[in-house]
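The values are calculated or read from the model by the stated rules, or taken from the named source; none is laboratory data. Please read all numbers here as calculations on a predicted model, not as lab measurements. FYI the Cβ positions are ideal-geometry reconstructions off the backbone, even for glycines, and counts take in every protein chain you see.
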């Protein structure tokens, strides 16, 4: 009887685990579909056809009250990177040589720019986490936009819980990780990051 009861409990546990897995897979697919729908709403014709030629995006990750700064720059010429200590007397090093992106990262930066254009992220100014009005561990991220005729800066502190900004940061993260990974495997000193 005990073996039979144990078997029933085990079967019940396995069914519960499989159900949880199915729910998680369904939720993941729902998020992918939702993101695809979100990205399908790009602004067509809002910027001139040749907007990429005069556009750039600099992502500045400032960590722990400025103790370290990592910058990534995207433009039509390619992606570049530099890292330095961000104290007032620090002189930023030169940008790295242009780094080619993977197809996935190229798509990610394109999506991020489209999200920024559509939602006018550069007009949002400084956005802070709702639970704090001071910069805590983790620092902040600043995005400097030059997108065709538009330009501006978006500064995020502690990552806001806003869907379009979360999606934008996710795409930017895919791009910066690709740049960082490719720089790690590049042969210095031609395209390795410069540090101070």
Against the condition modelled with pLDDT under 85, buried (at least 18 other Cβ atoms within 10 Å of the Cβ) and either over 14 Å from residue 72 (Cα atoms) or over 17 Å from the mean Cα position of the chain (by Cα) (or both), how does residue 193 come out, does it pass? yes
I'd like to check something: does region 143-159 contain any residue that is in contact with a helix residue (DSSP H, G or I) (Cβ under 8 Å, 6 or more places away or on another chain), surrounded by fewer than 16 Cβ atoms within 10 Å (Cβ to Cβ), at pLDDT below 80 and farther than 19 Å from residue 54 by Cβ? yes
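Can you go through 60, 118 and tell me which one is surrounded by 15 or more Cβ atoms within 10 Å (Cβ to Cβ) and closer than 14 Å to residue 143 by Cβ?
60
When you scan region 67-74, do you find a residue that is more than 21 Å from residue 170 (Cα to Cα) and either modelled with pLDDT of 85 or more or not in a helix (DSSP H, G or I) (or both), even just one?
Checking region 67-74: at least one residue is more than 21 Å from residue 170 (Cα to Cα) and either modelled with pLDDT of 85 or more or not in a helix (DSSP H, G or I) (or both).
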Suppose the filter is at pLDDT 80 or above and within 24 Å of residue 152 (Cα to Cα); does residue 87 pass it? no
